[in-house]
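Undergrad: One structure, as structure tokens, below. Some questions next.
Read-outs throughout are calculated quantities, based only on the coordinates presented, and are distinct from any laboratory measurement. Predicted model, so just to flag it, every value in this text is computed and none were measured. Ideal geometry is used to build each Cβ from the backbone, glycine not excepted, and the neighbour counts take in all protein chains shown.
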Amino acid sequence: MLYGTASPIAMMTFPERIGVITAITQSSLGLGLCIGPPIGSVLIPLGGYKTPFIAVALVEFLVYLASIAILPSRGSEQNKSKFRASSYIKFIFKFSTMSVVIPGAAITCISGVRDTAYSLYFTDVLGIDSETVGYLFIANSVAFLLTCPLVGLVVELGFGPFLIVFCQLTVPLNALGFFLPKYFPKLQSIPWSLTLLFLNGFFAASMMNPIYLILEKVALKEGLRDRNQIKTIVASTFNLIYCVGLTIGSFLIGGYLNDQVGFYYMSLSYTGLLTITAIWHLAFLYQNNFIRRLFYDTHFESDDIEFEDKSEKDDEKEENSLISRSNMTDLILLSLTRSEYLQR
């Protein structure tokens, strides 16, 4: 809910810096994942398991008060999006949108698989206690945090599509890395696993920012022209990608599939999923000529329409004024023709 509403506000406020806005929001997510485990480990001994939740509630309440004071409210009626829920659903199920959503969700499955399957792998196979595993997972969050600002710069320079191509070609190899220890026991080690976790964070951060750019281009391609509609629908779809990936990764891949076939073959299956979706996504980008330098649009047709409406209103006011003067002139002439002085 926060991301789907806050992002459009920020992006419409700074339309020329959308790459940076997305980088900031993604970096904030990475920062929270980094500082969460240390803070939680400090708070739990102080007051039990309730303490972290109380702390989070307090922080959220302070953020709520700050939001009321900071977020703009003027012009909300004029800037209100006219996009209906039915139109949003139609947009989601268009083939072009699904060609971005499904490959993006496949990569964000990494987060769900990490929380379920990778944690069990570290404890059961590598013999690490659960508390230490929580700290080791920070490697994933640190990579995410450090990569996001750099990716924002790359996207603003127009190289986002090339970054997507690089990630789609290499991320299946990273997933395959968790399968390799089955046949190469020397790779069954903490350094190798930490390296893969770090790369997971890198790939997740590298994909999410440029995917927002591609989604915006898809929205324009599908005929959307209103700035508010595009920002709202793209932010919501972007949020949907992460949520779907996290859910499928946790329950289906890292949960059910891991229980049925074991960790190594689960990793191999996930590699196959990433390979198929990567081919699909790259073919879509190539077919639509998106594999080139792309930039965020800062000008939309709705801006021209608003300008034209304003000009039309000004012209209408002037025309009404002329009509009023014309009517007054006719009235005066009519009065004069009926007067005795004009007849004389």
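Undergrad: What ranking, highest mean first, results for peptides 117-130, 218-231 when packing means the other Cβ atoms within 10 Å averaged over each residue?
TA: The peptides rank, most packed first, as 218-231, 117-130.
Undergrad: Quickly work out the ASP259-to-TYR286 label distance, labels modelled 7 Å from Cα along the C-beta direction, and quote it in nm with one decimal.
TA: Roughly 4.0 nm, to one decimal.
Undergrad: R0 = 22 Å: FRET efficiency of MET98 with LEU2, Cβ-based, nearest 0.05?
TA: It comes out at approximately 0.30.
Undergrad: Share of Cα-Cα pairs in segment 121-241 beyond 20 Å, in percent?
TA: Roughly 55 percent, rounded to a whole number.
Undergrad: In nanometres, what is the gap between the two model label sites at LYS90 and ARG293, each 7 Å from Cα along Cα-to-Cβ?
TA: Modelled inter-label distance: 3.6 nm.
Undergrad: Using 0.36 nm per residue of separation minus the Cα-Cα distance, give me the extension gain between SER189 and LEU146 in nm, one decimal.
TA: 13.0 nm
Undergrad: Take the Cα atoms of segment 1-57, build their convex hull, and give its volume per residue in Å³.
TA: 80
Undergrad: Take the Cα gyration tensor of segment 174-237, multiply each eigenvalue by 5, square-root it, and list the three semi-axes largest first, rounded to whole angstrom.
TA: Semi-axis lengths for segment 174-237 are 41, 10, 7 Å.
Undergrad: Once R0 is set to 30 Å, what does the formula 1/(1 + (r/R0)^6) return for the Cβ-Cβ distance between TYR64 and PHE166, expressed as a FRET efficiency to the nearest 0.05?
TA: 0.15
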